[in-house]
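Comments concern the structure below.
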Amino acid sequence: MNIVVASQKEEACQYAASLLAPFFNARNPVRIGLATGETMIPIYQALVQQLTAKGQHGVGEVETFNLDEYWPIDPSHPGSFRQYMHRHLLSLVGSWIRKSYFLRGNARDPDFECRRFEGLLGEHPLDVQLLGLGINGHIGFNEPGTLFQSRTRKVSLTSTTKERNARQFPGIMPDDALTMGIADIMEAKAIILVVFGSDKRDVLIRAILGQVSEDCPASILKTHPHVTVVADEAAGSVLARRSPRVNRSITVTIL
Ligand code: GLP
């Protein structure tokens, strides 16, 4: 695992975007797992900037897969992750995208929908998965206590997650969501975890320095062979003090 800590959030966003841009610019088919949340907004901004600088266009080789979606929710609802993705990224980089896949928040049968999505992931393994971190250690909507072998499924949101996400949700948030499971996330060839802000500092320390435990879903990422964690100073200051290494398998770089 490589941890990169930037003194400014802006720098961290540019760095995270620079890790993603080569996937978008690949000349061969590539599958990218995308995430939502406040953290990702400036990263997508930086990515759009990097991709479209000098009037460049894509060659349409990218397939995107979104990590999760509220349920039930209409895909046209402004609070849906599908709309979020269109607003912040997909409508701005259309020429790069071959196809975008989402969990359908309006699926009548959520279990069937999750099996459908799981099947797509099986046919299209992810080259990279972008992740944010919940303040309780969740990844996707895999809340603490989720089995590491979990697959795509319907879950109930915890009150912590609902309170936090209400900041971005217009109207009344659904109680449930559909999410890729932890085992699905771990099958991505590479993972980029982005963590900003002092309120994520403790959970990031727990995920990186604590034991691998289902109480902190993000802790499993330490066992993946290709993970980059990008943090700003506010979230990563304690880890930055461990530079250049936390142990044999975790390096820390300060930008
Ligand atoms: C949300 C999403 C995650 C996201 C995380 C962090 O609930 N399901 O995909 O990465 O929590 O969100 P934020 O960046 O808003 O703190």
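The values are calculated or read from the model by the stated rules, or taken from the named source; none is laboratory data. For clarity, every value in this text was computed on a predicted model and none was experimentally measured. Don't worry about glycine lacking a Cβ; one is built from the backbone with ideal geometry, like all the others, and counts go over all protein chains shown. Areas reflect the complete protein model, heavy atoms only, side chains present, ligands, DNA and RNA absent. Shrake-Rupley method; radii C 1.70, N 1.55, O 1.52, S 1.80 Å.
Normalising by the residue count of the stretch 1-124, find the relative contact order in percent from Cα pairs under 8 Å and 6+ residues apart. Let's see the in-between values first.
Values: 158 pairs, mean separation 30.7, N = 124.
Reported as a whole number, the value is 25 percent.
Excluding Pro144 itself, what net charge comes from residues whose Cβ is under 12 Å from its Cβ, given Lys and Arg +1 and Asp and Glu -1? Net of charged neighbours comes to -2. Count Lys and Arg as plus one, Asp and Glu as minus one, and take only other residues whose Cβ is under 12 Å from that of Asp127; the net charge is then -1.
A Gaussian network model of the chain, with springs between Cα atoms under 10 Å, assigns the largest mean-square fluctuation among Leu178, Leu92, Leu239 to Leu92. Using alpha-carbon pairs under 8 Å, 6+ residues apart, how would you state the relative contact order of the stretch 52-129 in percent? With pairs under 8 Å counted, the relative contact order is 36 percent. Couplings 3J(HN,Hα) of the stretch 174-187, computed from phi: x, 7, 10, 8, 10, 9, 4, x, 5, 5, 5, 4, 5, 7 Hz, in residue order, whole Hz [Karplus 6.51 cos²θ - 1.76 cosθ + 1.60, θ = phi - 60°; x for Gly and Pro].
For the chain, the share of DSSP beta bridges that are antiparallel, to the nearest 5, is 25%.
The distance separating the Cα centre of the stretch 219-239 from that of the stretch 119-181 comes to 19 Å.
Taking only the C-alpha atoms, wrap a convex hull around the stretch 1-123 and report its volume per residue in Å³ as a whole number.
Expressed per residue, the convex hull around the Cα atoms of the stretch 1-123 is 122 Å³.
Using the Karplus relation 6.51 cos²θ - 1.76 cosθ + 1.60 with θ = phi - 60°, the per-residue 3J(HN,Hα) values for the stretch 8-19 come to 10, 4, 4, 5, 4, 5, 4, 5, 4, 5, 6, 6 Hz, with x marking Gly and Pro.
The residues packed around Ile220, meaning those with a beta-carbon under 13 Å from its beta-carbon, carry a net charge of -2 if Lys and Arg are +1 and Asp and Glu are -1. Computed over protein heavy atoms with a 1.4 Å probe, the carbon and sulfur contribution to the accessible area of the stretch 73-212 reaches 50%.
Our estimate of slack between Ser237 and Lys189, defined as 0.36 nm per intervening residue step minus the Cα-Cα distance, is 14.5 nm.
Sum up the lysine pairs in the chain that clear both bars: alpha-carbon distance under 18 Å and a spacing of 8 or more or different chains. Value for the chain: 5.
Annotation: per residue accessible area for the stretch 1-132 equals 43 Å², rounded to a whole number [probe 1.4 Å, protein chains only].
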